[in-house]
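For reference, the structure discussed in these notes is given below.
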Amino acid sequence: MMDDKKGGNGGWILGVWRFADHLLLSLMVACTLMAAVILTWDEPIWTTVLLSLCLVIQGLLHPGPGDRLAMLTAAILGTPAEIAEVHLGEWTYYAPDLMWGVPMWIPLIWANLFALFRRLSRSWTAILDIIFEKEGVLRRRLDMVLMVSIIGLWVSALLLMDKPPLVQGLYALMILLTALFWRTEMDSLVFLTGGTLGAVGEFVCVQLGYWSYFNPLFKDFGVDITLPLDWGLSAVIIHRIASRWQGSQPLQRL
């Protein structure tokens, strides 16, 4: 009985440490990323330097399994996606020294953000481990609530969006994929973390006039209803690719 108590206390302390260890660095990185983009928008060289520094810090200080691969994956997939969307007229950047229509530091911000989403999600997992039993009934119910919330967001966007039928079909496909395959606790946390932080950060930058969307649903705010979903989906895809490549930990616990 005494050993169980000690084990329980040790597990609780370890959980608190995991939460604090991931969260402190994550918050510092998040603040630095936001400040780097907002305060040095008109000085792309300085933005590039600051984002590079953040990338080095994230890559060297307590990276989780797959974090570095997530950085590489995000930069490789995100940069051409940004260029394609700009040339398709989805949005326009207003910044000096654009390259193919996007800022020169786009690969760096993608690499930083999606590694950050994974770090923060591990913090949420650690705090959940403290509050709930890993395989307990309440934990399973929470996982179900997270998944139902995400599916609800997808369905709402599908019903409200003003997009061509092809785009609507793609979003419907995403609902199906989410329900069938991307439904672990970590998937949900990565989705919600990326969707929330990505959308908030982008909303701030749109209000500051750094870029604009061609035909946003919420015209008074300049953003579309699909914004958090696009961020969340991208976060899950990059997380899954990085997890599959590194292969040293089960996907749901990465």
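At-a-glance table
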| item | result |
| --- | --- |
| Added length on full extension, which subtracts the Cα-Cα distance from 0.36 nm per residue, Arg140 to Phe218 | 24.6 nm |
| Most mobile of Ala157, Ala235, Ala179 in a GNM of the chain (Cα contacts under 10 Å) | Ala179 |
| Difference of contour (0.36 nm per residue) and Cα-Cα distance, Ile38 to Val148 | 36.2 nm |
| Two-site label geometry, Arg244 and Leu27: point separation in nm, points 7 Å out along Cα→Cβ | 3.6 nm |
| Charge context of Trp105, other residues only, Cβ under 14 angstrom, K/R +1, D/E -1 | -4 |
| Computed helical MRE - 222 nm, the chain, DSSP H runs ≥ 4 contributing -39500 (n - 2.57), nearest 500 | -25500 deg cm²/dmol |
| Hz values of 3J(HN,Hα) by residue in region 150-155 - Karplus curve (6.51, -1.76, 1.60), Gly and Pro given as x | 5, 4, x, 5, 4, 5 |
| Cα gyration tensor shape of the chain, rounded if a/c is under 1.5, else prolate or oblate by comparing a/b with b/c | oblate |
| The chain: most fluctuating residue of Ser234, Ser156, Ser52 per GNM, C-alpha cutoff 10 Å | Ser156 |
| Paramagnetic label zone (point 7 Å from Cα along Cα-to-C-beta, Ile76; backbone N under 14 Å) in region 105-147 | 111 |
| Residue (of Thr125, Leu173, Ser149) at the positive-pole extreme of the chain, dipole from beta-carbon charges | Thr125 |
| Length gained when the stretch Ile45-Leu159 is fully extended (0.36 nm per residue, less Cα-Cα span) | 36.8 nm |
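Read the figures in this text as sums done on the coordinates, not as results from a lab. What you see is a predicted model; the values in this text were computed from it and never measured. Positions of Cβ are generated from backbone atoms using ideal geometry, with glycine treated the same way; all protein chains shown enter the neighbour counts.
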